[in-house]
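Read through the structure below, which is laid out as C-alpha cells, and then see the notes.
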Amino acid sequence: MTKPPAIALKNVHLTLGEGAGRVHILKGIDLEIEKGSSTGLVGPSGSGKSTLLMVMAGLERADEGSVQVAGSDLGPLSEDQLARFRGRNVGIIFQSFHLVPNMTALENVAVPLELAGDPEAFDKAKAELEAVGLGGRLQHYPAQMSGGEQQRVAVARALVVEPEILIADEPTGNLDDDTGTQIVDLMFAVQQERGTTLVLVTHDPNLAARCDRMIRVRSGEIEETGAQAQAAQAEASA
C-alpha cells in the first residue's frame with residue numbers, strides 16, 4: 001500500500017496585491033512530495049518559489065486549489081488553527097534567522113514549546129542546542145553570536161518540536177561558503193536521522209543537487225522536476 005505524501009498541492013493559485021497592482025503569483029500548481037524525502041525548489045528571482053514554500057508552511061493561503069500537509073487540509077483552518085498546526089508539524093528556517101534579539105539562544109529555541117504549553121520546553125531546547133553544537137552558547141544573545149551560530153539556533157528552534165516537515169528558505173543566503181556548508185550538512189544529517197521531509201528554496205546549484213529531487217519554478221508554474229530540473233540548473237550555472 002502506497003503511503004500518502006507529506007505534501008500534496010492540487011491546482012493551487014495565489015494572487016497578491018490589490019486592484020491594478022494584483023499579481024498572479026502561483027498558477028495552477030500540482031505537486032506531491034514524498035514523506036522523508038528532500039526536495040529543492042529552484043528558479044529565477046520572482047518565479048514564485050518562496051511563495052510556494054510559504055503556502056506549504058501555511059504562512060500564505062491559496063486562493064484556489066487544495067493544500068494537504070502532514071495529512072491535514074489547510075484550506076478550512078482558521079489562523080489560530082494554522083498556527084497550532086505549524087507548531088506541531090512544520091519547522092521553518094529563514095534566510096535572516098528571525099531570532100528574538102532580547103532572548104538568549106535557549107529562550108529562542110524554547111519559544112515554540114512554551115507556546116504549546118510544554119512543561120519540558122527548556123530541557124528540550126537545551127538538548128536541541130547541544131545537538132547542533134551550541135551547548136556552550138545557551139545563554140548568549142543573537143548579537144553575541146556569529147551568523148553561522150545564529151542559523152544553528154534557528155535550526156534548533158525549527159527542530160525542537162520534532163516536526164514532520166522541515167522547510168528552509170535560502171538557509172545559507174546570509175552565510176559564507178564554509179559556514180553555509182556546515183548548516184547544509186546539519187540539515188541533511190537531521191533529515192536522514194529523523195526521517196524528516198525537507199523542502200528548501202535555494203539559488204545554490206550544489207545545494208539543490210544534494211536533494212533527492214529538484215523542482216524548477218518559473219513564472220508561478222512548475223517548469224521541470226527531477227532530472228529535467230537538475231540538467232537545466234547545471235546548464236544555467238555553467
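The values are calculated or read from the model by the stated rules, or taken from the named source; none is laboratory data. All values reported here derive from a predicted model rather than from experimental measurement. FYI the Cβ positions are ideal-geometry reconstructions off the backbone, even for glycines, and counts take in every protein chain you see. Protein only, heavy atoms only, side chains kept; ligands, DNA and RNA dropped before computing areas. Shrake-Rupley method; radii C 1.70, N 1.55, O 1.52, S 1.80 Å.
Here the condition is being in contact with a helix residue (DSSP H, G or I) (Cβ under 6 Å, 6 or more places away or on another chain) and within 22 Å of LYS35 (Cα to Cα); of PRO142, PRO112, PRO101, PRO163, it holds for PRO163 alone.
Taking the conditions (1) modelled with pLDDT under 95; (2) closer than 29 Å to ASP118 by Cβ; (3) surrounded by fewer than 16 Cβ atoms within 10 Å (Cβ to Cβ) in turn, LEU159 satisfies each one other than (3). One residue stands out among those in the stretch 131-148 that are assigned to a helix (DSSP H, G or I) and modelled with pLDDT of 95 or more: the one that is surrounded by the fewest Cβ atoms within 10 Å (Cβ to Cβ), which is ALA143.
Confirm whether LEU99 is assigned to a loop (DSSP other than H, G, I, E, B), of a type in the set (A, V, I, L, M) and more than 18 Å from the chain's Cα centre (by Cα). When the stated conditions are applied, LEU99 does not pass them. GLY40 meets all of the listed conditions (1) in a loop (DSSP other than H, G, I, E, B); (2) under 21 Å from PRO171 (Cα atoms) but one, namely (1). Filter the stretch 207-223 down to residues that are open to solvent by less than 10 Å² (accessible area, probe 1.4 Å) and aliphatic (A, V, I, L, M) and give me whichever is farthest from SER37 (Cα to Cα). Ranking the qualifying residues of the stretch 207-223, first place goes to VAL217. Of all residues in the stretch 171-206, those satisfying the criterion of being farther than 16 Å from GLN151 by Cβ and open to solvent by 30 Å² or more (accessible area, probe 1.4 Å) are GLN192, GLU193, ARG194, GLY195, HIS203, PRO205, ASN206. The set of residues in the stretch 52-78 that are outside any loop (DSSP other than H, G, I, E, B) and either open to solvent by 60 Å² or more (accessible area, probe 1.4 Å) or touching a helix residue (DSSP H, G or I) at 6+ places or on another chain (Cβ under 7 Å) (or both) comprises GLU64, VAL67, GLN68, VAL69, SER72, ASP73. Just one residue in the set ASP123, ASP185 is modelled with pLDDT of 95 or more and either in a helix (DSSP H, G or I) or acidic (Asp, Glu) (or both); that residue is ASP123. If LEU113 satisfies every condition in (1) farther than 25 Å from GLN182 by Cα; (2) of a type outside the set (Asp, Glu); (3) modelled with pLDDT of 95 or more; (4) part of a helix (DSSP H, G or I) but one, which is the exception? Failing condition for LEU113: (3). If you go through the stretch 81-110 and keep only what is open to solvent by 40 Å² or more (accessible area, probe 1.4 Å) and over 17 Å from GLY148 (Cα atoms), you end up with GLN81, ALA83, ARG84, ARG86, ARG88, ASN102, MET103, GLU107.
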